[in-house]
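Visitor: Following this message is one structure expressed as structure tokens.
The values are calculated or read from the model by the stated rules, or taken from the named source; none is laboratory data. Keep in mind the model is a prediction, meaning the values are calculated, not measured. A quick note on method: Cβ atoms are made from the backbone with ideal geometry, for glycine too, and the neighbour counts reach across all protein chains shown. For the accessible areas, the whole protein counts, side chains as well, though only heavy atoms, and no ligand, DNA or RNA atoms are used. Shrake-Rupley method; radii C 1.70, N 1.55, O 1.52, S 1.80 Å.
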Amino acid sequence: MSLPIITLKAGKEQSLNRFHPWIFSGAVNYISRELEEGELVRVVSSKDEFLAIGHFQIGSIAVRVLSFEDTVIDRNFWKKKLAVALELRRSLGFHESQTNVFRLIHGEGDGLPGLIVDFYNGTAVYQAHSVGMYLVRHELAELFKELMGDQLVAVYDKSDKTLPFKANIQPENGYLLGQSEPCIVQEYGLSYRVDWVEGQKTGFFIDQRENRKLVEQFSKGRDVLNMFCYSGGFSFFAMQGGAQKVHSVDASAKAIELTRQNVALNFKDDQRHEAYVADAFDFMRDMKDRYDLVILDPPAFAKHRGALRQALQAYKRLNAKAFEQIRPGGILFTFSCSQVVSKDQFREAVFSGAAISGRKVRILHQLHQPADHPINIYHPEGEYLKGLVLYVD
Ligand code: SAH
């Protein structure tokens with residue numbers, strides 16, 4: 001059966017010729033028939049030349065491209081895509097290392113726009129951000145099992161909050177394959193309890209793995225503030241690195257409970273750690289010069305373009321607070337995970353914060369997301385996590 005056809009307006013094929021995987025609704029001239037959300041479509045230029053095949057969705061991104069080649073999107077197509085993604089993780093060495101938590105599929109970065117899959121020591125958590133990827137969830141879960149064998153015990157679908165609500169699908173989270181319980185995962189030999197059913201996102205912030213490890217190197221003898229701690233990772237890497245004192249702060253009581261459990265898993269009865277439920281801006285208002293290593297890993301302040309200006313202000317204010325109060329010779333790890341905030345915009349916001357404080361600041365490291373969150377060079381928006389390690393004189 002032939003696929004429905006979307007014809008673009010003249011000139012709108014240019015971004016596709018550069019392999020950008022999104023087609024905005026404004027570029028669409030004509031649709032050959034009425035479409036259901038999530039349907040596969042063929043995209044052609046105004047001159048009727050083949051451009052791509054992708055998933056259709058109602059919204060500002062009308063099509064997410066799966067292939068720039070004229071091919072059939074069938075079980076074999078998906079299997080090849082998943083196998084390539086798995087092979088990349090294998091080549092990164094996750095299967096033999098002390099780390100059994102990693103991202104299996106990173107959307108556009110793995111040529112699968114609209115899909116995130118995270119792996120937690122035997123359980124894959126499937127999160128569809130597009131209706132098209134939601135509709136193929138059972139097929140893809142089976143293919144993961146085919147490719148991973150005994151390494152994979154269960155696949156849990158957690159798409160209830162990530163599908164466009166206008167699609168009116170009302171998804172319910174649940175197991176697509178097998179069954180599993182919250183488990184302990186290892187990251188560079190340190191342990192976390194991960195609960196994909198109750199936890200934020202797919203259960204854990206895998207993307208900060210390398211940056212947590214780097215904190216270890218900077219922690220010896222320091223008094224550490226881990227602001228926005230979630231499940232506490234930066235805190236126990238700091239403890240591992242020989243920190244003198246570590247304070248973990250999060251606005252969510254659940255996150256603080258999780259942090260306490262995780263710290264206890266790794267450093268039982270260690271008196272160096274304390275955790276507080278508090279709002280970041282309140283806590284930092286009078287943090288004085290108590291810390292000489294501060295980590296700021298806030299949630300995405302801008303979730304869409306419209307919120308960009310406000311978000312940049314918030315990054316500036318937050319970082320200014322840290323610069324004003326960090327001890328001389330202190331280290332600041334500061335991050336943004338907002339996709340719509342560019343690397344340069346984030347730097348500008350942080351540097352403005354430094355200027356307000358009047359402190360002298362130097363860049364020691366420039367940080368980003370790890371290799372299991374690859375960035376498709378034709379989709380620069382995929383570079384969402386940015387960070388700086390700064391020395392405050
Ligand atoms: N650093 C963490 C991930 C942080 S995610 C890690 O390594 O896993 C962002 C966290 O910020 C969430 O846990 C959320 O509960 C918390 N948060 C959101 N708004 C906050 C606020 N205003 N003050 C303090 N914490 C906040």
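Visitor: Considering every residue within the range 147-164, establish whether at least one is more than 14 Å from the ligand (Cβ to nearest atom) and in contact with a His (Cβ under 6 Å, 6 or more places away or on another chain). I'd like the intermediate steps shown before the answer.
Guide: Residues of the range 147-164 that are more than 14 Å from the ligand (Cβ to nearest atom), as a first pass: 147-164.
Now narrow it down to the ones that are in contact with a His (Cβ under 6 Å, 6 or more places away or on another chain): 162.
Yes, the range 147-164 contains a residue that is more than 14 Å from the ligand (Cβ to nearest atom) and in contact with a His (Cβ under 6 Å, 6 or more places away or on another chain).
Visitor: Any chance the range 288-300 includes a residue that's outside any loop (DSSP other than H, G, I, E, B) and open to solvent by 10 Å² or more (accessible area, probe 1.4 Å)?
Guide: Here is the first cut: in the range 288-300, the ones outside any loop (DSSP other than H, G, I, E, B) are 293-296.
Restricting the remaining residues to those that are open to solvent by 10 Å² or more (accessible area, probe 1.4 Å) gives none.
Looking through the range 288-300, none of the residues is outside any loop (DSSP other than H, G, I, E, B) and open to solvent by 10 Å² or more (accessible area, probe 1.4 Å).
Visitor: I've got another one for you. So which residues in the range 120-130 are buried (at least 24 other Cβ atoms within 10 Å of the Cβ) and under 13 Å from the mean Cα position of the chain (by Cα), if there are any at all?
Guide: GLN127
Visitor: Where residues in the range 304-340 are modelled with pLDDT of 95 or more and of a type in the set (Val, Ile, Thr), which of them is farthest from the ligand (Cβ to nearest atom)?
Guide: Per the stated criteria, the residue is ILE326.
Visitor: Sticking with this structure for a sec: Within the range 74-82, is there a residue that is open to solvent by less than 30 Å² (accessible area, probe 1.4 Å) and either closer than 24 Å to GLU383 by Cα or within 23 Å of the chain's Cα centre (by Cα) (or both)?
Guide: yes
Visitor: When the residues of the range 142-159 are narrowed to those that are without any contact (Cβ under 8 Å) to a residue 40 or more places away in the chain and touching a helix residue (DSSP H, G or I) at 6+ places or on another chain (Cβ under 6 Å), which ends up farthest from VAL125 (Cα to Cα)?
Guide: LEU152
A quick yes/no check of all residues on (1) on the phi > 0 side of the Ramachandran plot; (2) outside the structural domain of ASP372 (by TED's automatic domain parsing); (3) not hydroxyl-bearing (Ser, Thr, Tyr):
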{"position": "TYR175", "(1), (2), (3)": "no, yes, no"}
{"position": "GLU181", "(1), (2), (3)": "no, yes, yes"}
{"position": "GLU210", "(1), (2), (3)": "no, no, yes"}
{"position": "PHE234", "(1), (2), (3)": "no, no, yes"}
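Visitor: If the Cβ limit is 7 Å and pairs must be 6+ apart or interchain, which residue in the range 231-257 that is more than 25 Å from GLU198 (Cβ to Cβ) and open to solvent by 10 Å² or more (accessible area, probe 1.4 Å) pairs with which residue that is within 13 Å of the ligand (Cβ to nearest atom) and among the β-branched types (Val, Ile, Thr)?
Guide: The qualifying pairs are GLY241/VAL215; LYS245/VAL224.
Visitor: Based on what the data block shows, is LEU176 part of a strand (DSSP E or B) and open to solvent by less than 10 Å² (accessible area, probe 1.4 Å)?
Guide: Details: part of a strand (DSSP E or B): yes; open to solvent by less than 10 Å² (accessible area, probe 1.4 Å): no.
Judged against the criteria, LEU176 is not a match.
Visitor: So is LYS321 on the phi < 0 side of the Ramachandran plot, open to solvent by less than 70 Å² (accessible area, probe 1.4 Å) and among the basic types (Lys, Arg) or not? Quick ask: steps written out before the conclusion?
Guide: Values: on the phi < 0 side of the Ramachandran plot: yes; open to solvent by less than 70 Å² (accessible area, probe 1.4 Å): yes; among the basic types (Lys, Arg): yes.
Spelling it out, LYS321 is indeed on the phi < 0 side of the Ramachandran plot, open to solvent by less than 70 Å² (accessible area, probe 1.4 Å) and among the basic types (Lys, Arg).
Visitor: Residue by residue through the range 328-339, note down the ones that are in a strand (DSSP E or B) and without any contact (Cβ under 8 Å) to a residue 60 or more places away in the chain. Give the derivation first.
Guide: So the first thing to find is which residues in the range 328-339 are in a strand (DSSP E or B), and the list is 330-336.
Correct list: THR334, SER336.
Visitor: For a quick check of your reading of the model, give me the residue pairs whose first member lies in the range 308-327 and is under 12 Å from SER357 (Cβ atoms), whose second is surrounded by fewer than 16 Cβ atoms within 10 Å (Cβ to Cβ), with beta-carbon atoms closer than 7 Å and at least 6 apart or on different chains.
Guide: That search, which allows pairs on different chains as well, returns ALA320/ILE356; GLN325/LYS288; GLN325/ASP289.
Visitor: Same structure again: Could you grab me the full set of residues in the range 2-39 that are part of a strand (DSSP E or B) and over 26 Å from the mean Cα position of the chain (by Cα)? Quick ask: steps written out before the conclusion?
Guide: Going residue by residue through the range 2-39, those that are part of a strand (DSSP E or B) are 5-8, 22-24, 28-31.
Passing the criteria: ILE5, ILE6, THR7, LEU8, VAL28, ASN29, TYR30, ILE31.
Visitor: Go through (1) hydroxyl-bearing (Ser, Thr, Tyr); (2) in contact with a Lys or Arg (Cβ under 8 Å, 6 or more places away or on another chain); (3) surrounded by fewer than 19 Cβ atoms within 10 Å (Cβ to Cβ) one by one and return the number of the condition SER191 breaks.
Guide: Unmet for SER191, out of (1) hydroxyl-bearing (Ser, Thr, Tyr); (2) in contact with a Lys or Arg (Cβ under 8 Å, 6 or more places away or on another chain); (3) surrounded by fewer than 19 Cβ atoms within 10 Å (Cβ to Cβ): (2).
Visitor: Also: Say whether the condition of being within 24 Å of LYS201 (Cβ to Cβ), free of Cβ contacts under 8 Å to residues at least 12 places away in the same chain and more than 10 Å from the ligand (Cβ to nearest atom) is met by at least one residue in the range 272-295.
Guide: Checking the range 272-295: not a single residue is within 24 Å of LYS201 (Cβ to Cβ), free of Cβ contacts under 8 Å to residues at least 12 places away in the same chain and more than 10 Å from the ligand (Cβ to nearest atom).
Okay, residues lined up against (1) in a strand (DSSP E or B); (2) crowded, with 19+ Cβ neighbours inside 10 Å; (3) of a type in the set (Lys, Arg):
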| residue | (1), (2), (3) |
| --- | --- |
| ALA302 | no, yes, no |
| LEU308 | no, no, no |
| LEU312 | no, yes, no |
| VAL341 | no, yes, no |
| GLY353 | no, yes, no |
| ILE356 | no, no, no |
| GLU381 | no, no, no |
| TYR391 | yes, no, no |
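Visitor: Could you check PHE346 against (1) within 15 Å of the ligand (Cβ to nearest atom); (2) crowded, with 19+ Cβ neighbours inside 10 Å; (3) of a type in the set (Phe, Trp, Tyr) and say which number it fails?
Guide: PHE346 satisfies all of (1) within 15 Å of the ligand (Cβ to nearest atom); (2) crowded, with 19+ Cβ neighbours inside 10 Å; (3) of a type in the set (Phe, Trp, Tyr) except (1).
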